[in-house]
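J.: The structure is given below, and queries will be raised subsequently.
No lab work stands behind these numbers, since they all come straight from the coordinates. Remember, it's a predicted structure, so these values are computed and weren't measured experimentally. Cβ coordinates were reconstructed from backbone atoms using ideal geometry, including for glycine residues, and neighbour counts include every protein chain displayed.
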Amino acid sequence: MHPQQLQVLLFFVWGCFRVHGRSIRGRNLGQRQSVLNNNGGFRNPEDMVDLFGTPYIVICSWPETTLDRTSIGELSLLNTETKRKIKFASLQKSNDESSNLSPFADPTCQPKRLRRIGSHGVDVYQNHDYDNPDGPFSWEVAVLNHNQYESIEFFLLNFGNDDVNTQLPTLQQIGCTRLTEGDVHNNLSYNKDKTKLAVTMWYDSYLGIQGQLNFAKSFFRKKPGGDGSLKLVTAGGNVETLTDNLNGPNGVMYGIGKGFRHSIFVAESPNNRVVVVDDRTGTVEHLPKLSDTSSPDNLSREYTATGRRTNTFLITRLDSSFAQASACGVLGAGCNLDFTVLRYNWKHDTLEEVYSGTMEGQATVAIIKEDALYVGNFRIPGIVKVTGFR
């Protein structure tokens, strides 16, 4: 066995031992149920976003294997009323019916076939006139791809003027943008005006033996930065690096409102904190309230009753070391991990606990829709729905 392979193996064996040797605290889980279906299940539902005003959630499933660039993930919808899964591929129109390109697409980029996307990270932008509650309803969907090369693939989900509660949307590919080869991009977030798209990048983590070794090393560095970067995509697929002084950048969320529209919140998972980056200067600021949040993963947007973005986001926090959680997730170990969902209000700088519990696998993302909390995870083929948690 190659020395680097041995190092990675020993690291994850250590992590698994720590996971299984850890006692699980008994915390109130509320009324919870697994949301499964007879259409293939949700494989590793690592990221998801709410389509506000509809019963749907967009689900981004991580590929079965994370060690090379041949892996294929899946994009789908969850109907929260019927608990049914709808595959994106079943909604797709022909390329002849495509709409105009996304403003972030590179006109020279050839979109990847939907069934060949190695999906990792998703965000949506609601193209909706708030003064016209009857529609039309459409969302631009941005998905990160690892298969064969790094790219952002763009789609248009369109409900038209149909009843969004009874009619399925149509799906159109509206371009793509290639990203730096050799890097691994984790997540992305639209700004409020749809003029900028923030993307986190964690260098060679996950892919290949050297990538796994780099991934392992990042847990022990505990330095302010250096393992990853935050990039900004603007019109025409222009990509620039805002800062490369981040350690393990993962979930990302654009701020809104006076004083915060240039703020990008980034979860540094190995550093156990969430930082904020200025999208004009790339300056990184450490937030005292978010400087010790265990192992933060994805950040999730929240909405007002009328569908507007709020001054808050949810943080899905792993209540174990990130090394232990990653050993559980990457090796597919059958383990239970504690997690907590937090709400941060950047306008008032307040942090509150929304829910805490234990689940099989590694919790990665949580969103609140209607009166339920939906939790995605890594390595378990299903989504957990929690009710009665408030």
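J.: Provide the FRET efficiency to the nearest 0.05 for the Lys192-Asn336 pair, computing r from the beta carbons and using R0 = 35 Å.
T.: For Lys192 and Asn336, the calculated efficiency is 0.40.
J.: Ok, one more. Between Thr310 and Lys83, what is the spin-label point distance in nm, taking each point 7 Å from the Cα along the Cα→C-beta axis?
T.: Computed distance between label sites Thr310 and Lys83 equals 2.6 nm.
J.: For a Förster distance of 30 Å, can you work out the FRET efficiency between the beta-carbons of Gln110 and Thr180, rounded to the nearest 0.05?
T.: The pair Gln110/Thr180 has a calculated efficiency of 0.95.
J.: How do Glu302, Glu46, Glu352 rank when sorted from fewest to most other Cβ atoms within 10 Å of their own Cβ? The partial results should precede the final answer.
T.: On the way: Glu302 16, Glu46 28, Glu352 9.
Listed from fewest to most nearby Cβ atoms, that is Glu352, Glu302, Glu46.
J.: Let me ask another. For Asn100 and Glu302 in the same chain, what is the full-extension length gain: residue separation times 0.36 nm, less their Cα-Cα distance, in nm?
T.: 69.9 nm
J.: I'd like the Karplus ³J(HN,Hα) series for the range 180-185: coefficients 6.51, -1.76, 1.60, θ = phi - 60°, whole numbers in Hz, and an x wherever there's a Gly or Pro.
T.: 4, 5, x, 8, 10, 9
J.: A further question follows. Which distance in nm do the two modelled labels at His262 and Gln148 give, with both placed 7 Å along the Cα-to-Cβ direction?
T.: Once both label points are built, they end up 4.0 nm from each other.
J.: Hey, another quick one. Which entries in Lys194/Lys347; Lys192/Lys369; Lys83/Lys289; Lys93/Lys258; Lys85/Lys194; Lys196/Lys369 show an alpha-carbon gap greater than 32 Å?
T.: Lys83/Lys289; Lys93/Lys258
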